[in-house]
Amino acid sequence: MTPETYVQQKAAASGSSFYYAFLFLPAKRRAAITAFYAFCREVDDVVDEVQDPGVAAQKLAWWQQEVAQAFAGKPSHPVMLALMPHAPQFQIEQRHLQAVIEGCQMDLDQTRYLDYPGLQRYCHLVAGVVGEVAARIFGQTSEATTAYAHKLGQAFQLTNIIRDVGEDAMRGRIYLPISDLQQFDVKAHEITKREYSERFTALMRFETRRAHQLYEEAFALLPAEDRHAQKPGLMMASIYRTLLREIEAENFQVLHQRIGLTPLRKLWLAWKMQALGRM
């Protein structure tokens, strides 16, 4: 199996909304973003799939070393072999990949966040930096597009957190800030026991408003001259925001299930943005 085939299969198997946006890119940009996304999946899977924290930490340390060696001209993993040929053209730097690994390490060391600024640091590493790299690959002419990409990445991550509240709690993690839980008098044990209440619904409505605000702030930051090139990110925004609205429509029943969109619906939303330019 070639490195290119490996990353293609890794990206497709995830079923992620990101994959549908990649389909509309020119071949070289599609190859670059697919390889980068496969890297993100590899390190994220370490945290989600490896049960022993010590083993997970060792695997992430291996990835740190692999990234350093790859940028020194000695990649060995199929993901890095597929990604490195694209790094110079799209200005993908070692610091970007190391930041993503650092964010995943936070999942091993920290299961709760005291307040929203603390959560923002995590979102910056695992999503904001990813947005920055993606924006470079999609095509960026204005420096202001970086701020848009960071903000949009954080909106995606908060949407994921809202969707996965129940699933994450089963893994021993509650990303919703402790200060927010206290504000709405929601106890951590109520989340882990999957207990719904009006207080929980109010909390989730608050977090959803915050996510919607992040989307609006991101869109306002996108320079007009880069809007066409950044269509893949806007496709993802259409899919993620539709998901967020779906969760709202389901009255935040996220503790016992994972609410999602069908592949066909994701493809339709991506095509609508590509062809018609609207969400």
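The values are calculated or read from the model by the stated rules, or taken from the named source; none is laboratory data. Bear in mind that the values here come from a model prediction, so they are computed numbers and not experimental data. Here the Cβ positions follow ideal geometry from the backbone for every residue, glycine too, while neighbour counts run over all protein chains shown. Please note that ligands, DNA and RNA were not included when accessible areas were found on the heavy atoms of the full protein model with its side chains. Shrake-Rupley method; radii C 1.70, N 1.55, O 1.52, S 1.80 Å.
Among residues other than VAL130 with Cβ under 14 Å from its Cβ, the summed charge is -1 (Lys and Arg +1, Asp and Glu -1). Around the Cα centre of segment 215-279, unit charges on the Cβ atoms of Lys, Arg, Asp and Glu (plus for the first two, minus for the last two) sum to a dipole of about 320 debye. Using Cβ point charges alone (K and R +1, D and E -1), the dipole size of the chain about the Cα centre works out to roughly 780 debye.
How far apart, in nanometres, would the label points at ILE178 and LEU23 be if each is projected 7 angstrom from Cα along the Cα-to-Cβ direction? Distance between the two pseudo-spin positions: 4.4 nm. For segment 81-132, the convex hull drawn through the C-alpha positions has a volume of 77 cubic angstrom per residue.
Each of MET1, MET235 has its accessible area taken with a 1.4 Å probe; listed largest first, they run MET1, MET235. In the context of the full set of protein chains, segment 216-279 has a per residue accessible area of 50 Å² (1.4 Å probe). Extension gain for ARG209 to ARG171 (0.36 nm times residue separation, less C-alpha to C-alpha distance): 11.1 nm. Summarising the label geometry, the points placed 7 Å from Cα in the beta-carbon direction at ARG112 and HIS228 lie 5.2 nm from one another. Note on ASP48/MET1: beta-carbon distance plugged into 1/(1 + (r/R0)^6) with R0 of 22 Å gives a FRET efficiency of 0.45. Normalised by the number of residues in the chain, the average gap of Cα pairs under 8 Å and 6 or more apart makes the relative contact order 20 percent. Between the Cα long axis of helix 94-109 and the first principal axis of the chain there is an angle of about 30°, rounded to the nearest 10.
Farthest towards the positive end of the charge dipole of segment 209-279, among the residues GLN213, SER238, LEU264, is the Cα of LEU264, using unit charges on the Cβ of Lys, Arg, Asp and Glu. Expressed as a whole percent, the accessible area of the chain that falls on carbon and sulfur atoms is 51 (1.4 Å probe). Once both labels are positioned 7 Å from their Cα atoms along Cα-to-Cβ, the gap between GLU195 and ALA144 label points is 4.9 nm.
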